[in-house]
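A.B. asks: Supplied in structure tokens, the structure appears directly below.
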Amino acid sequence: MNKIIHDTLALLEHQFKTAKIRVEDELADHLPFINGNAGRLQQVFLNLFLNARDAMPTGGTLRVATSNGDGVSVMVSDSGSGIAQEHIHRIYDPFFTTKVAPREGQSKGTGLGLSVTYGIIQEHAGKIRVESRPGEGTTFYLDFPLMRKVVNV
């Protein structure tokens with residue numbers, strides 16, 4: 001998981017630099033493996049990181065942290081504009097977007113990023129939840145079950 005996150009952050013490094021976004025990562029050492037498709041999981045992080053970038057048009061901080069316990073947990077947090085409470089329950093709906101009047105250099109948004117993200121997390125038997133306060137930022141929490149070991153008897 002850490003490698004997927006690190007590789008995705010590296011892909012966006014230039015975009016974050018030009019957008020004045022500081023990236024703080026707190027990736028846990030010795031994170032256990034999960035059953036997953038690296039390409040599909042990279043799409044999850046790409047969607048979350050690009051949404052965070054779009055929510056911070058004048059710059060800000062993107063924090064990414066991993067930890068393990070009963071499974072592997074990932075936290076993606078930004079200091080951006082946040083999500084209005086009346087929109088929270090719709091953010092995973094296909095084609096729902098609040099990016100109808102994009103800022104300069106920003107795309108309109110298809111409303112598919114979080115819908116696709118939700119589907120991929122479901123495919124991986126994971127869970128996603130969000131906390132957001134308008135004007136203060138948004139935090140996504142992702143939880144994935146550990147890879148099961150096959151025991152031959």
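No value in this document is a laboratory result; all are computed from the given coordinates. Given the structure is predicted, the values throughout are model-derived calculations rather than measurements. Heads up, the Cβs are rebuilt from the backbone with ideal geometry, glycines too, and the neighbour counts pull from every protein chain shown.
A.B. asks: Using the Kyte-Doolittle scale, which helices in the chain average at least 0.0 and also have C-alpha atoms spread 20 Å or more along the helix axis, with helices defined as whole DSSP H runs?
C.D. replies: Membrane-span-like by this rule: 38-55.
A.B. asks: In the chain, what % of DSSP beta bridges are antiparallel (nearest 5)?
C.D. replies: The answer is about 80 percent antiparallel.
A.B. asks: Further question on the same structure: For a quick protection proxy, order the peptides 28-36, 70-78 by their average other-Cβ count within 10 Å, most packed first. Before the final figure, lay out each step's value.
C.D. replies: Values: 28-36: 12.9, 70-78: 19.6.
By packing density, highest mean first, the sequence is 70-78, 28-36.
A.B. asks: Now a separate question. How high is the FRET efficiency between GLN122 and THR58 when r is their beta carbon distance and R₀ equals 30 Å, given to the nearest 0.05?
C.D. replies: 0.30
A.B. asks: Additional query: If you take every residue apart from ILE121 with its C-beta less than 11 Å away from the C-beta of ILE121, what net charge results, scoring Lys and Arg +1 and Asp and Glu -1?
C.D. replies: Taking every other residue near ILE121 into account, the sum is +1.
A.B. asks: Tell me, how many Å apart are the Cα centres for the range 1-21 and for the range 124-148?
C.D. replies: 19 Å
A.B. asks: Choose one of PHE45, PRO57, MET75: the residue whose Cα lies farthest towards the positive end of the charge dipole of the range 2-145 (beta-carbon charges +1 Lys, Arg; -1 Asp, Glu; about the Cα centre).
C.D. replies: PRO57
A.B. asks: What is the gain in length, in nm to one decimal, between GLU136 and THR110 on full extension, counting 0.36 nm per residue of separation less the C-alpha to C-alpha distance? Write out the running numbers ahead of the final one.
C.D. replies: Values: separation 26, 0.36 × 26 = 9.36 nm, distance 2.40 nm.
Contour length minus the Cα-Cα distance gives 7.0 nm.
A.B. asks: Restricting things to alpha carbons, find the Rg to Rh ratio for the chain using the Kirkwood radius for Rh.
C.D. replies: Ratio value, two decimals: 0.98.
A.B. asks: Please check the chain for the longest run free of GluC sites (Glu not before Pro) that are loop-located per DSSP (anything but H, G, I, E, B) and have at most 14 other Cβ atoms within 10 Å.
C.D. replies: Between the exposed loop sites, the longest stretch runs 1-103.
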